[in-house]
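Here's the structure we're looking at; comments come further down.
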Amino acid sequence: MTGPGRAGRPSRPAQPACAQLSGGLLAGYASGALDEATAWSVEAHVPGCAPCRTALAARLDGSRLERNKSVLLTRLALPRPGPVGRALRWCRVPDHVVTLLSATPALRRSWLAGVALVLAAAIGAAYLVAPDGLAGGPALAGPAVGGPATSGATLAAAAAVRAWVALMPYLAIAPLVPLIAVAAAFSARLDPAYELALAAPVSALWLLLVRATAVVAVTLVPTAVAALALPGPWWLASVLLLPALAVCAAALAAGTAVGPVTGAVGAGAAWLAVVTAATVAQRPAVAFGPAGQAAAAAVLLAAAAVLAVRRDRFESVRTRRAGP
Amino acid sequence: MSESVDIGCEPVIAARQLTRRYGGTLALDGVELTLGRGVTGLLGPNGAGKTTLLSILATVAAPDAGRLSVLGQDPADAGQRVEIRRRLGYLPQDLGFHRHFTVAAFLDYVAILKEITDPRRRHAEVARVLAQLDLAERAGQRIRTLSGGLRRRLGLAQALLGQPELLVLDEPVAGLDVEQRLRFRELISGLPGDPVVVLATHHADDVAAICSSVVVLLDGRVRFSGTPAELAGLAAGRVWRAAERQAGAELSWRTGDGQWRHIGHEPPPGAAVVPPTAEDGYLLLSGGAR
């Protein structure tokens, strides 16, 4: 190993310890002047190199060497981040935040695989309803269909409704995917170390928002990709963004009163009720059109306000214990 | 015996009329408590309110009524609550683990929760508590493969991260074998910085061994607060030995040497009275010797 890193200012001329590590690096390490990455490199090299150990021992007392060794062993025992963790680091998310997110169930591979299965089922359902594709495609402002199909306009509207109905399993489920992930990210039942997080100085609301943002971002990616595989227009995923955020925010806001799981169940049920009612009324586009987007934005803002006002509710035990 | 005894010269925890209810169950019923520095043992039967009291001291739960001061801060105030948490180490009774974590990864995670975000400092702190709890060789082991005793030690390790000034430990020796319990005593006695320790336990002998003060909680109320010697003193003259089992005793058992040890309110005339232990005092107080 050569020493490209910052070597600090050794107090005395340093002798090379071995071919891989310069004496300057050892001196810098001993004085604590090395940057994080270079110090790591030195610590990774020294345990396996007798000349360097000897050279370092002359500069450090035995207890510090032993301490450094135990720190190195601790670092080696830390697992390497998975694909999601690596992606987050690539996005410049700080190391400690990535570690905090490692306890989030919805960011694990098994969870993401489950999401992929659900979305695949929704895509399959769309192709079952419309095996030949969606002629004309869905329109966001499509009129309600009523009466016998006697005119060309009515036929076009009927085709649009049929297109929406074919896409409805996906459209109904897609906002629920991040919703379930958010509920799981901060549920006392699903977070075994929940009490430790509460007793820690890290703000529970900050932790909640970090986890929620991460799981929403990560689960929306496969959801958007799935939209491209649907027999619908390419912009389909974009109409889901606001409803998905609104449902998640509403769940968190309701969670301040009834807990995150109950809040998520309530928000999910409300979303399914809206979508079902719109479909039954043969106006399925309502939930995703301009009116639906405006309503979702209003819900999102209202939920954010509730969260800001009731943020203290996340700072102590929400669920009642069975007994003392 | 009193419901409110000033144990130390500088109160670290002061509770006034703390009340907590779970549905129809009154878990804490007007608890009055003043604790100073040192190690305080919390004794009481199951359901006495120990866990509720400790979770309130750890700021995890809030009382329904009453006032509380911890380390001079008011947990009801958001800013002061954070200040308490910065100086707190907490071991819950039922500590859950992310089972896919390794031992080191779990401690790393908790250290971040405790705002130790600098990697070098954090890893050094994790290494320190691993060594302190003799877990260094298991740093890379997954938590799901650990025994119950090892998990309890890991729970203790996370509580010690950051060298807290106040340690709130709910049944820290539950599941530990005899040697580990003795090592726990050694650990608590040798903690650097002389932190304040409040621990709940069912082992009166642990309290007598390491605690400078003891609080007995019964039915959500403080029934005794004093030193372990004072708790033992409650049974003075009420513990005796005899060759036979005696009907007047409220609790009797045969010891290893074949003699019967009796606890009761009125030893018979001429009985061989023996020095009581803190456990005897607790038994008489709690009604276990009835």
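Read the figures in this text as sums done on the coordinates, not as results from a lab. Note that this is a predicted model, so its numbers are computed, not measured. A quick note on method: Cβ atoms are made from the backbone with ideal geometry, for glycine too, and the neighbour counts reach across all protein chains shown.
A few comments on the model shown:
- When shorter helices are ignored and each DSSP H run of at least 4 residues is given -39500 (n - 2.57), the per-residue value for the protein assembly as shown at 222 nm works out to -15000 deg cm²/dmol.
- Using a cutoff of 8 angstrom between alpha carbon atoms and counting only pairs six or more residues apart, the relative contact order for chain B works out to 21 percent.
- Dipole axis of the range A:190-313 (+1 Lys, Arg; -1 Asp, Glu on Cβ), positive-most option in A:L236, A:A308, A:V286: A:V286
- Computed on the Cα trace of the range A:205-285, the radius of gyration divided by the Kirkwood hydrodynamic radius gives Rg/Rh = 1.02.
- Here the Karplus relation 6.51 cos²θ - 1.76 cosθ + 1.60, evaluated at θ = phi - 60°, turns the backbone of the range B:145-160 into coupling constants of 9, 7, 6, x, x, 5, 5, 5, 5, 5, x, 5, 4, 5, 5, 8 Hz, with x for every Gly and Pro.
- Counting Cβ atoms of other protein chains within 10 Å of each residue's Cβ and taking the mean over peptide B:82-91 gives 3.
- Choice from B:D219, B:D177, B:D134 with maximal GNM fluctuation in chain B (Cα, 10 Å cutoff): B:D177
- Exposed-site-free run, longest, chain B (rule: GluC sites (Glu not before Pro); DSSP loop; at most 14 other C-beta within 10 Å): B:4-243
- Here the translational diffusion coefficient of the range B:81-179 follows from Stokes-Einstein with Rh set to the Kirkwood radius across Cα pairs; for 37 °C and 0.692 mPa s it amounts to 242 µm²/s.
- Look at the dipole of the range B:115-250 built from charges on Cβ: of B:Q141, B:F184, B:V196, the Cα furthest out on the positive end belongs to B:Q141.
- Counted charge near B:R254, where neighbours are those whose Cβ lies closer than 12 Å (Asp, Glu -1; Lys, Arg +1): +1
- Rounded, prolate or oblate (a/c below 1.5 giving rounded, otherwise prolate when a/b exceeds b/c) for the protein assembly as shown by Cα gyration tensor: oblate
- Separation in nanometres of the label points that stand 7 Å from Cα toward Cβ, at A:R67 and B:H265: 5.9
- Cβ-based net charge around B:D64, under 9 Å, with every Lys or Arg adding one and every Asp or Glu removing one: +2
- Neighbouring Cβ atoms from other chains, within 10 Å of the Cβ of residues in B:103-116, number 6 on average.
- Residues B:K114, A:K69 in ascending order of nearby Cβ atoms (within 10 Å, fewest first): A:K69, B:K114.
- Across the alpha-carbon set of chain B, the Rg to Rh ratio works out to 1.02, Rh being the Kirkwood radius.
- The range B:145-250 - Kirkwood radius from inverse mean 1/r over Cα pairs (Å): 16.1
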